[in-house]
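Structure record follows, encoded as structure tokens.
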Amino acid sequence: MKLLEKLIRHVPEDTVEEVILGVHSVLVKSVNNAGIASTIKYCSPSDAVRKAGMLETLNLKQLATYALSDNLLEASIGMAAINCSVNIDNGEGMVLNAKDIILEKGKNKTLGIIGHFPFLEKQRDNYKKCYIFEKSPHEGDLAEADIPTYLPTVDVAAITATAITNHTFENILKSLPEKSFNVILGPSTPLSTLLYKYGMNVLSGSIVTEYDLLKRHVLQAAPTRNLPGLKMVSMIKEEK
């Protein structure tokens, strides 16, 4: 069973109170919690979201199944619904910056970055080599097609959680070295220990703390890195 199917299996059938599909972020609020995920926008302008205008008539588990959709707007909604169920402030996550964890583990080693994180790009001089893989490469980036060639050579991998949303995560795993230190990060990260079984050592994601404040900024297209009302936390797999 694939990761998304396993995550969805554990989502409760809670009542959904609100679904917000913003330019950069998606919010799903249930009767018990709220979750966020990045909006993936590379889709056809004609792609329609099923039951748009009536998404709150679905329960949280039904909404989470949208994560399996080939329509990546729907998949973004489904990811936010999954995170609504698992990204809960229960004191287990530590308030740690993924940037610091990656620098500590990767300094003077080879780093592979799936997705474009400007704060990691600025650290490039701290690494022996730094490969950045992107669907739409910036100058100096490698393309997604280069992953099988270069990713197997890294010591540390930093993977955007949108790879789960866009259904490329399992393929990326095939190119990870057996002993690399792997961090999955970004607002779409589900803080679920299931990801440890998929080779992740650190889960770095977001917990919604002030929904109304966050909602206002999402509706007015604030970039993810500037969103208030979120607590950034990391979960670290215990080394045996």
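The values are calculated or read from the model by the stated rules, or taken from the named source; none is laboratory data. A quick note: this is a predicted structure, and the numbers were derived from the prediction, not measured. Cβ coordinates were reconstructed from backbone atoms using ideal geometry, including for glycine residues, and neighbour counts include every protein chain displayed.
Applying the criterion of being closer than 15 Å to L176 by Cα and of a type in the set (F, W, Y) to the residues of region 96-150, the residue that is surrounded by the most Cβ atoms within 10 Å (Cβ to Cβ) is F133. Scanning region 226-240 for residues that are free of Cβ contacts under 8 Å to residues at least 60 places away in the same chain and either surrounded by 13 or more Cβ atoms within 10 Å (Cβ to Cβ) or under 18 Å from the mean Cα position of the chain (by Cα) (or both) yields N226, P228, G229, K237. For the residues T153, T160, the requirement of being touching a Ser or Thr at 6+ places or on another chain (Cβ under 9 Å), outside the structural domain of S38 (by TED's automatic domain parsing) and either among the hydrophobic types (A, V, I, L, M, F, W, C) or surrounded by 22 or more Cβ atoms within 10 Å (Cβ to Cβ) (or both) singles out T160. Any residue at all in region 74-95 that is hydroxyl-bearing (S, T, Y), surrounded by fewer than 20 Cβ atoms within 10 Å (Cβ to Cβ) and modelled with pLDDT of 95 or more? No, region 74-95 has no match at all.
Taking the condition more than 18 Å from Y211 (Cα to Cα), modelled with pLDDT under 95, outside the structural domain of I164 (by TED's automatic domain parsing) and not hydrophobic (A, V, I, L, M, F, W, C), does K41 pass? Spelling it out, K41 is indeed more than 18 Å from Y211 (Cα to Cα), modelled with pLDDT under 95, outside the structural domain of I164 (by TED's automatic domain parsing) and not hydrophobic (A, V, I, L, M, F, W, C). Every condition in (1) among the hydrophobic types (A, V, I, L, M, F, W, C); (2) under 30 Å from T153 (Cα atoms); (3) modelled with pLDDT of 95 or more is met by I101 except one, and the failing one is (3).
Check every one of the helices (runs of 4 or more DSSP H) wholly within region 111-216 and list those with 2 or more residues that are among the hydroxyl-bearing types (S, T, Y) and over 28 Å from P228 (Cβ atoms). Break it down stepwise before answering.
Details: elements: 118-121, 147-150, 162-165, 169-173.
Of the helices (runs of 4 or more DSSP H) lying wholly inside region 111-216, those with at least 2 residues that are among the hydroxyl-bearing types (S, T, Y) and over 28 Å from P228 (Cβ atoms) span 147-150.
Which of the residues spanning region 166-217 are hydroxyl-bearing (S, T, Y), touching a helix residue (DSSP H, G or I) at 6+ places or on another chain (Cβ under 7 Å) and over 20 Å from V233 (Cβ atoms)?
Step one: of region 166-217, the residues hydroxyl-bearing (S, T, Y) are 168, 175, 180, 188-189, 192-193, 196, 198, 204, 206, 209, 211.
Then drop every residue that is not touching a helix residue (DSSP H, G or I) at 6+ places or on another chain (Cβ under 7 Å), which leaves 175, 188, 192, 198, 204.
If the condition is that a residue be hydroxyl-bearing (S, T, Y), touching a helix residue (DSSP H, G or I) at 6+ places or on another chain (Cβ under 7 Å) and over 20 Å from V233 (Cβ atoms), then S175 is the only one that fits.
Of the strands (runs of 3 or more DSSP E) that lie entirely inside region 1-96, not one contains 1 or more residues that are among the aromatic types (F, W, Y). Scanning region 103-119 for residues that are of a type in the set (A, V, I, L, M) and within 16 Å of the chain's Cα centre (by Cα), which turns out nearest to Q62 (Cα to Cα)? Looking at the filtered set, the residue picked out is I114.
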